[in-house]
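**Q** Sharing a structure, written as C-alpha cells. Questions coming.
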C-alpha cells in the first residue's frame, strides 16, 4: 500500500507526490523495520572548546546619536571666512588630519611624496622599517606610472616646460 | 514708505532693557498717545527702524515679526525689515547641495590602509613543490588569492579630500538657506536671549507652545551668552547655541528652526552685503606651509 510521505515538506509549486511502501504493525505504520542506524542521532553538540572556532556575532549596534555636541555643531566654523575673521584659513580648521595632510589633496603618489618631505628624516633615523616601506612604495608607483602602462603616442599632447613659450598651434602629428 | 517711530521714548516705559541697541530715528512720534502704562499688553506692534545698506533696486524690504523669550506668552514687539538680497533670493538648490557636500568632505580623512606585498612577512618560498602533490600550484603563501594574503589595489594610507569652495558659492549657499528657512516660516527674530529662569523646562514649554520645532539653532552676535540660555540649551537635546561666525548651511538645514537676535541679524547682513556688493577679486587662500 502506498501512503504519502512523512518526510518534511518543502514549500514548492510542484505537484510531485512521494509515496513510500510501508506496512502496519500494532496500529502504526513502520518504516525500515530492523534497521539500526550507526550515526549520531542525539541533539546539537556543544562547541568544541579545544578548536579555535569562536562564534560569529553580529557587529555591535552603534547608536548614531544625532544630537551630541559634536554632531549638532558639525561644520560650525566653515563660513568664518565670510562672517568673521577674514584671516582664518580652512586648512587650520582640519583637526583630525596628519600634519603632512593639512590643507592638501592629491593622488596616492603625491601623498607619499609629501609625507617623505615632512617626515623622511625622522623616519630614516627612528623608524627604519616604515621609511623603507614608504620609499619602496614610491619607487613602485613611479615605475608603474612612467613605464608600465602603455601610452598611446597619438593621444599624448606635447608638453612645454615652465619657462618656454607656448606654441602658436597644436600639430596633432607631433609625437 | 513706512514712517518710523522713535522707540526710545516709548520703550523707556517697558521693562525690556535689551532693545536699546536698535538704531532709532530722531523724528517726533506720531503715535505717542498710545504709549500708556502697561505697554506690553496695550501697545500695538511697533515698527523697528533698521536702515538697510545697499538697498535692492527692484524689491522692497521684507518684514518679519520681532518676538521675545522673556515671557511665555507669544507677544510680538514689532516688525523687522529684512534685506531682499539675502532673504529673497531665488533658491539655488544645486549650490546648496555643493555647500553641504563640501562641508562633509573637506575635513574627511580616510584612514583605511591595506599593506602592499612588500610589507608582508615572507614572500619567498613555494609552500609545496610545483609538481607531485595533487594540489594547485602556488608561488607564495601570501598571494591575493589566499586567505590572509595582500590586497592588490586596496586603500593606501590616510587620504585627504580637502578643497575650498569658492567664496561666491558659499555666500549664495547661505543666502539660499536663509531664504528657504524664512519662506517656510522657520525663522524667528528675537530681541535677546535674556531668560527669566535657568530652568530648561521654561524654554522647552515656550518653544512647544509656539510650535518652534524639536531642534532649534540659536544665534547671537558674540561668543558670550547669558547663563540662563546656556544652561537651558545644554540640558535639552536639539538646542544648540552659536555665535554669528559659526553659522553654516549644514547646521541651518539640520535644525528645524532658526532663532536670531537683532544684533546677530545686523552683523550677518552687514557682512553678507559687503561681500555681495564688493568687487574684490577672490583672494586665493595662501597654501599651508610647505616647510616641515
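**Q** In Å, what is the Rg of the alpha-carbon atoms in chain A, and how long is Dmax?
**A** Both quantities, over Cα of chain A: 36.4, 108 Å.
**Q** Bins of 5 Å, beginning at zero and ending with the bin holding the largest distance: percent of Cα pairs per bin for region A:81-175, please.
**A** Going out from 0 Å in 5 Å bins, region A:81-175 shows 2, 10, 12, 12, 13, 12, 12, 11, 9, 5, 1 percent.
**Q** A further question on this structure: So, how do all the Cα-to-Cα distances of region B:52-122 break down into 5 Å bins, in percent, from 0 on up?
**A** For region B:52-122, the pair-distance distribution reads 3, 11, 10, 9, 10, 11, 11, 10, 5, 4, 4, 3, 3, 4, 3, 0.
**Q** Using the Kirkwood formula on the Cα atoms of region B:92-225, what hydrodynamic radius do you get, in angstrom to one decimal?
**A** The Cα-based Kirkwood calculation yields 21.6 Å.
**Q** Further question on the same structure: When only Cα pairs under 8 Å and 6 or more residues apart are kept, what is the percent relative contact order across region B:161-292?
**A** Relative contact order of region B:161-292: 32 percent.
**Q** Still on this structure, please answer the following. Please average, across the residues of B:112-121, the number of beta carbons from any other chain that are within 10 Å of each residue's own beta carbon, and give a whole number.
**A** Neighbouring Cβ atoms belonging to other protein chains average 2 per residue here.
**Q** So for region B:67-161, Kirkwood radius off the Cα pairs, Stokes-Einstein at 20 °C and 1.002 mPa s: how many µm² s⁻¹? Don't jump to the answer; show the numbers that get you there.
**A** Numbers: Rh = 20.5 Å.
In µm²/s, the coefficient rounds to 105.
**Q** Can you tell me the order of B:61-69, B:257-265, A:148-156 when each peptide is scored by its average per-residue count of other Cβ atoms within 10 angstrom, highest first? Could the numbers behind the result be given before it?
**A** Numbers: B:61-69: 18.1, B:257-265: 22.1, A:148-156: 7.8.
Packing proxy ranking, top to bottom: B:257-265, B:61-69, A:148-156.
**Q** Now a separate question. Run the quick spin-label model on residue A:140 and residue A:70: label points 7 Å from Cα toward the beta carbon, then report their separation in nm to one decimal.
**A** Each label point lies 7 Å from its Cα, and together they span 3.2 nm.
**Q** Need one number: the % of Cα-Cα pairs in region B:149-290 sitting beyond the 22 Å mark.
**A** 51 percent
**Q** How crowded by other chains is B:250-257, given as the mean number of beta carbons from other chains within 10 Å of each beta carbon?
**A** Mean shielding by partner chains, rounded to a whole number: 3.
**Q** Additional query: Output the relative contact order of chain A, whole-number percent, from Cα pairs under 8 angstrom with separation of 6+ residues.
**A** Relative contact order for chain A comes out at 8 percent.
**Q** Using the beta-carbon distance between residue A:124 and residue B:143 and R0 = 35 Å, what value does 1/(1 + (r/R0)^6) give for FRET efficiency, to the nearest 0.05?
**A** On the way: r = 31 Å, r/R0 = 0.88.
The computed FRET efficiency comes out at 0.70.
**Q** Multiply the residue separation of residue B:198 and residue B:153 by 0.36 nm, subtract the distance between their alpha-carbon atoms, and state the gained length in nm to one decimal.
**A** 10.5 nm
**Q** How far apart, in nm, are two points set 7 Å out from the Cα along the Cα-to-Cβ line at residue A:35 and at residue A:18?
**A** Using points 7 Å along Cα→Cβ, the separation is 1.1 nm.
**Q** Sticking with this one: Which value in nm describes the separation of the simple spin-label points at residue A:107 and residue B:270, placed 7 Å from the Cα toward the beta carbon?
**A** Label at residue A:107, label at residue B:270, 4.9 nm between them.
**Q** How large is the Kirkwood hydrodynamic radius of region A:58-112, counting all unique pairs of alpha carbons, in Å?
**A** 14.3 Å
**Q** At 0.36 nm per residue, minus the direct Cα-Cα distance, what do residue B:53 and residue B:277 gain on full extension? Give it in nm, one decimal, please.
**A** 79.6 nm
Rule-based calculations on the coordinates, nothing more; no lab input. All values reported here derive from a predicted model rather than from experimental measurement. A quick note on method: Cβ atoms are made from the backbone with ideal geometry, for glycine too, and the neighbour counts reach across all protein chains shown.
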